[in-house]
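Written below as structure tokens is the structure these notes are about.
The values are calculated or read from the model by the stated rules, or taken from the named source; none is laboratory data. As the structure is a prediction and not an experimental result, all values here were calculated from the model. Note that we place each Cβ from the backbone using ideal geometry, even for glycine, and neighbour counts take in every protein chain shown.
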Amino acid sequence: MIRLHDKLFKPFLTEKQILEAIQRMAQEIAVDYKDESPIFVGVLNGAFMFVSDFLKAYPHPCEVSFVKLSSYHGLTSTGIVETLLDVPDNIEGRSIIILEDIIDTGRTLQKLVHIFRNTKVKEFKIASLFYKSEVYNGEYAIDYVGLEIPDKFIVGYGLDYKELGRNLREVYQLNQKHMINLVLFGKPGAGKGTQAQFLKEKYNLKHISTGDVFRYNIKNGTELGTLAKSYIDKGDLVPDEVTIKMLEDEVDKNPDADGFIFDGFPRTTTQAEALDNFLESKDMKVDATIALEANDEILIERLLERGKVSGRSDDQDVTKIRNRFDEYNSKTAPLKEYYEDRKKFHSVNGIGTIEEITERLTKVIDSL
Ligand code: AMP
């Protein structure tokens, strides 16, 4: 096993297996292109090692070039693909063979096809060292494949996990244990925090309440606390950039967790998208969003009761409570649709005894 940042990876392919696959690909392509000098175009950064070994194995005259796509911008509104390193000049009438390190869903490939569509090349082919056929959903058929691999996150031989691992000669697979990641959803006072206490014990999960983290920071007079206080005191949401960064740090602090309960996060669509992207980058995902439903009058009663005990300023004033509900209705409620679209939304009646509600939540979680 090796550790890169917070994750463990186990050996998956040896250097020998990789080089043999490349040898086969080079032979196959050599047969098809022996009578001309094709241009091999490597896709940076991941393909640099593959391109190097491939060229050493390719027996006939050929040229080499590289492209680098911007991974964040994708298609701009003008339909132009953002490239950081553009297609080579003088490719008119030439045969282009793209050398990709890995093809999974096919998003990058789609961008590549788009870039080359408007060039007058003779032929355009795709060769990928690794290919996740289970998840590929592009229209373009891959012309040459080195090794078909299962849909597991891999590193090494040019591929990285947060930029580490590219220098490894072998390929490693993420050693991912089974995780459950839950979002508890509901208005202030719905019982998210109370229920999280029970669920975290039962399922051995790490509970992250963004409200609690803010309050901890306020109590300790940190910079983050000072920044958040003015918003929280009014019952407004703290800005997304601040909250997202804070949440990511909390997750990163717990690399060995069996899963997380997110309580009070996400509260906006931007936060939900950020959470999905962040978890995806760690080969994790939200398994379910469970909403605790209760009507406003009951919630106000509960919050005022809690305010007497906890001393929370935002729980002691009906105007502030109503403002929190308004924030919820305008910014957080749309997330119901976001998670429904992804078939992850579950609703639970939040009125009853604590035990009854835990029971309802447990039923949903056990059915996942
Ligand atoms: P809570 O304890 O979840 O009711 O949160 C208390 C307050 O912390 C909220 O009213 C917001 O001001 C702030 N807060 C907590 N979580 C978030 C979030 N995800 N986004 C923005 N503000 C938040």
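Confirm whether residue 310 is within 14 Å of the ligand (Cβ to nearest atom) and either of a type outside the set (Lys, Arg) or under 20 Å from residue 208 (Cα atoms) (or both). Outline the logic, then answer.
Numbers: within 14 Å of the ligand (Cβ to nearest atom): yes; either of a type outside the set (Lys, Arg) or under 20 Å from residue 208 (Cα atoms) (or both): yes.
Judged against the criteria, residue 310 is a match.
I'd like the residue in region 141-155 that is part of a loop (DSSP other than H, G, I, E, B) and at pLDDT 90 or above and, out of all such residues, is farthest from residue 171 (Cα to Cα). Before you say what the answer is, go through the steps one by one.
From region 141-155, those part of a loop (DSSP other than H, G, I, E, B) are 141-143, 149-153; that's our starting set.
Narrowing the set further to residues that are at pLDDT 90 or above leaves 141-143, 149-150, 153.
Details: 141: 25, 142: 21, 143: 23, 149: 11, 150: 13, 153: 10 Å.
So the residue we want is 141.
Could we say that residue 258 is within 20 Å of residue 279 (Cα to Cα) and surrounded by 15 or more Cβ atoms within 10 Å (Cβ to Cβ) here? Explain how you work it out, then say what you get.
Numbers: within 20 Å of residue 279 (Cα to Cα): yes; surrounded by 15 or more Cβ atoms within 10 Å (Cβ to Cβ): no.
Spelling it out, it is not the case that residue 258 is within 20 Å of residue 279 (Cα to Cα) and surrounded by 15 or more Cβ atoms within 10 Å (Cβ to Cβ).
So, residue 161, is that one closer than 26 Å to residue 27 by Cβ, among the aromatic types (Phe, Trp, Tyr) and touching a Leu at 6+ places or on another chain (Cβ under 9 Å) or not? So that I can check it myself, show each step before the final result.
Working: closer than 26 Å to residue 27 by Cβ: no; among the aromatic types (Phe, Trp, Tyr): yes; touching a Leu at 6+ places or on another chain (Cβ under 9 Å): yes.
It is false that residue 161 is closer than 26 Å to residue 27 by Cβ, among the aromatic types (Phe, Trp, Tyr) and touching a Leu at 6+ places or on another chain (Cβ under 9 Å).
Counting just the residues of region 323-334 that are part of a helix (DSSP H, G or I) and in contact (Cβ under 8 Å) with a residue 40 or more places away in the chain, which one comes out nearest to the ligand (Cβ to nearest atom)?
First pass over region 323-334, keeping only residues part of a helix (DSSP H, G or I): 323-332.
With the extra rule that they be in contact (Cβ under 8 Å) with a residue 40 or more places away in the chain, the set shrinks to 323-325, 327-328, 331-332.
Working: 323: 9, 324: 5, 325: 10, 327: 7, 328: 9, 331: 8, 332: 8 Å.
It comes out as 324.
For a quick check of your reading: which helices (runs of 4 or more DSSP H) sit entirely within region 219-297 and have at least 3 residues that are within 14 Å of the ligand (Cβ to nearest atom) and charged (D, E, K, R)? Show your work before the answer.
Working: elements: 223-234, 240-252, 269-281.
Output list reads 223-234, 240-252.
Yes or no: region 236-254 includes at least one residue that is under 19 Å from residue 339 (Cα atoms), in contact (Cβ under 8 Å) with a residue 24 or more places away in the chain, among the aliphatic types (A, V, I, L, M) and in contact with a Gly (Cβ under 9 Å, 6 or more places away or on another chain).
no
Scan region 3-39 for residues that are assigned to a helix (DSSP H, G or I) and in contact (Cβ under 8 Å) with a residue 60 or more places away in the chain and jot them down. It would help to see each step written out before you state the result.
Narrowing region 3-39 to residues assigned to a helix (DSSP H, G or I): 15-33.
Result: 15, 17, 18, 21, 22, 24, 25, 28, 29, 33.
Step by step: first the residues of region 12-59, then only those that are touching a strand residue (DSSP E or B) at 6+ places or on another chain (Cβ under 6 Å) and under 18 Å from residue 173 (Cβ atoms), then the one that is surrounded by the most Cβ atoms within 10 Å (Cβ to Cβ). Which residue is that?
Going through the qualifying residues, I end up with 50.
For region 202-218, give me each residue that is within 10 Å of the ligand (Cβ to nearest atom) and surrounded by fewer than 19 Cβ atoms within 10 Å (Cβ to Cβ).
Those that are within 10 Å of the ligand (Cβ to nearest atom) and surrounded by fewer than 19 Cβ atoms within 10 Å (Cβ to Cβ): 212, 215, 218.
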